[in-house]
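To keep things clear, I will list the structure first and then write my remarks on it.
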Amino acid sequence: MAILEHLTAQQAIDLEKKYGSNTYHPLPVVLSKGEGVFVWDVDGKKYYDFLSAYSAVNQGHCHPKIVNALTEQAKTLTLTSRAFYNDMLGKYEKFACEYFGFDKLLPMNSGAEGVEAAIKLCRKWAYEVKGINENQAKIVVCNKNFHGRTTTIVSFSSDDTANKNFGPYSDGFINIDFDDLEALETVLKTNKNIAGFLVEPIQGEAGVYVPQEGYLVKAKALCEKYNVLFIADEIQTGIARTGRLLATCGNCNCADKNCSGTPDVKPDILILGKALSGGVYPVSAVLANNDIMDVLTPGTHGSTFGGNPLAAAVAIAALEVIREEKLAENAEKLGRLFRSELNKYIETSTIVKLVRGKGLLNAIVINDSEDSETAWNICIALRDNGLLAKPTHGNIIRFAPPLVMTEAQLLDCVEIIKKTLKQFEK
């Protein structure tokens, strides 16, 4: 079969079912083109993308500046491995460190790799700086977390689908409830071997759970009190998605060179991915200051593709787009409008319980049980009406459009969502 041969939707689906591993349950739509906030299927039907590849395409599909950076760099040098220097990595490391306010960057490829790297970094710091006895370090994590699907990460997942029959599980993690400061302080003060606290500022995959006001600030203060590293997984929430450059920021946008404020929470270790490349290439990163990052020495961590010149060029362009197009500010404004409009509908709805979120990372909770198919059926109807979204955890539908969306487009999408929900009202 020629690579460029046109496939029908059913042919594309059948090929995946026959030759691909059965690890996803996609919505039945076969996409072949994307631009900005829109995607098109193989039959030419146009849709609003309200998932953004799980927030990887915050800058919109095929952003011309990012694609140009990719193609221009691809013409000259794509990969050297870290056996040699290349002329792009240092530029990217400097750019990103100044952009986010850290001393050093560890380049990786996928989000899960970034989390694994952060875990290794935290443990090495614990033994060599904090003084915990080797092999005794513990990292506190939250129930209902989603940090990836490697064997280490699923070991501390509370999702049976993610970890069942993948044991034996890795030791060294303590689970507590998200948004529970009392539980966090209890475990920190009763266990001298805690090295770090790994947390998503908003639990996206769990259903866009936003913690109580002040949770992150107080959690960071507790970590400082007990000499524990605060590790922020901002793979999904970062890069302007929640209306700030990072979800851990308050009114400070670190990408704004004129900003004189300070972030609400400055993570000791920051993990980024997804929109770090605008969705055109796998790029992730771990950032920390010298007192933490310098525990890594040659041979202690690495990646053949991590830090390749293609990724470096793409990431610089992707971050420039966030700043130049003021996408954090747009996400903040449109997110407030989205929740306001949906709340008006929910006042008289029998099918939707609530809408929650921050910036343009939002979710609605369907008034049905988690094991029902109602949310899935609503997403099928949304597809038929020209908008693509996906359920998470049964009765929750996540809404996360590209941040380049205009107010007119957002209101158009709200009308599509309301029109669709009305089909399911009792």
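Here are some notes:
- Filter pass, residue 220 being buried (at least 18 other Cβ atoms within 10 Å of the Cβ), over 20 Å from the mean Cα position of the chain (by Cα), of a type in the set (Lys, Arg) and not in a loop (DSSP other than H, G, I, E, B): yes
Residue by residue, here is whether (1) at pLDDT 95 or above; (2) within 25 Å of the chain's Cα centre (by Cα); (3) loosely packed, with under 12 Cβ neighbours inside 10 Å holds:
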residue	(1), (2), (3)
4	no, no, yes
43	yes, no, yes
63	yes, yes, no
74	yes, no, no
85	yes, no, yes
114	yes, yes, no
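- Restricting 267, 298 to residues that are in the same structural domain as residue 219 (by TED's automatic domain parsing) and free of Cβ contacts under 8 Å to residues at least 12 places away in the same chain narrows the list to 298.
- Any chance residue 80 is within 19 Å of residue 303 (Cβ to Cβ), assigned to a loop (DSSP other than H, G, I, E, B), among the β-branched types (Val, Ile, Thr) and assigned by TED's automatic domain parsing to the domain that holds residue 279: yes
- Considering the conditions (1) touching a Phe, Trp or Tyr at 6+ places or on another chain (Cβ under 7 Å); (2) not in a loop (DSSP other than H, G, I, E, B); (3) not polar (S, T, N, Q), residue 128 is excluded by exactly one of them, (1).
- Residue 247 being touching a residue at least 60 places away in the same chain (Cβ under 8 Å) and in a loop (DSSP other than H, G, I, E, B): yes
- The set of residues from the range 117-136 being within 21 Å of residue 163 (Cβ to Cβ), surrounded by fewer than 24 Cβ atoms within 10 Å (Cβ to Cβ) and in contact with a strand residue (DSSP E or B) (Cβ under 8 Å, 6 or more places away or on another chain) comprises 117, 123.
- Criterion: of a type in the set (Lys, Arg), under 15 Å from residue 420 (Cα atoms) and part of a helix (DSSP H, G or I) - qualifying residue of 339, 383: 383
- Yes/no for residue 25 being closer than 19 Å to residue 378 by Cβ and modelled with pLDDT under 95: yes
- Residue in the range 311-328 that is in a loop (DSSP other than H, G, I, E, B), in contact (Cβ under 8 Å) with a residue 40 or more places away in the chain and not aliphatic (A, V, I, L, M) present: yes
- Check on residue 166, in the same structural domain as residue 231 (by TED's automatic domain parsing), in a loop (DSSP other than H, G, I, E, B) and surrounded by 15 or more Cβ atoms within 10 Å (Cβ to Cβ): no
- Of all residue pairs spaced 6 or more apart or on separate chains, those with beta-carbon atoms under 6 Å, a first member in the range 125-141 that is without any contact (Cβ under 8 Å) to a residue 12 or more places away in the chain and a second member that is surrounded by fewer than 20 Cβ atoms within 10 Å (Cβ to Cβ) and in a helix (DSSP H, G or I) are 134/127.
- Selection over the range 152-197 of residues that are under 22 Å from the mean Cα position of the chain (by Cα) and hydrophobic (A, V, I, L, M, F, W, C) gives a count of 8.
- Of all residues in the range 352-364, those satisfying the criterion of being touching a helix residue (DSSP H, G or I) at 6+ places or on another chain (Cβ under 9 Å) and either buried (at least 20 other Cβ atoms within 10 Å of the Cβ) or not hydrophobic (A, V, I, L, M, F, W, C) (or both) are 352, 353, 355, 356, 357, 358, 359, 360, 361, 362, 364.
- Qualifying residue in the range 88-106 (condition: surrounded by 23 or more Cβ atoms within 10 Å (Cβ to Cβ) and within 19 Å of residue 298 (Cβ to Cβ)): yes
The values are calculated or read from the model by the stated rules, or taken from the named source; none is laboratory data. The structure displayed is predicted, hence computed values, not measured ones. Neighbour counts run over all protein chains shown; Cβ positions are idealised from the backbone, glycine included.
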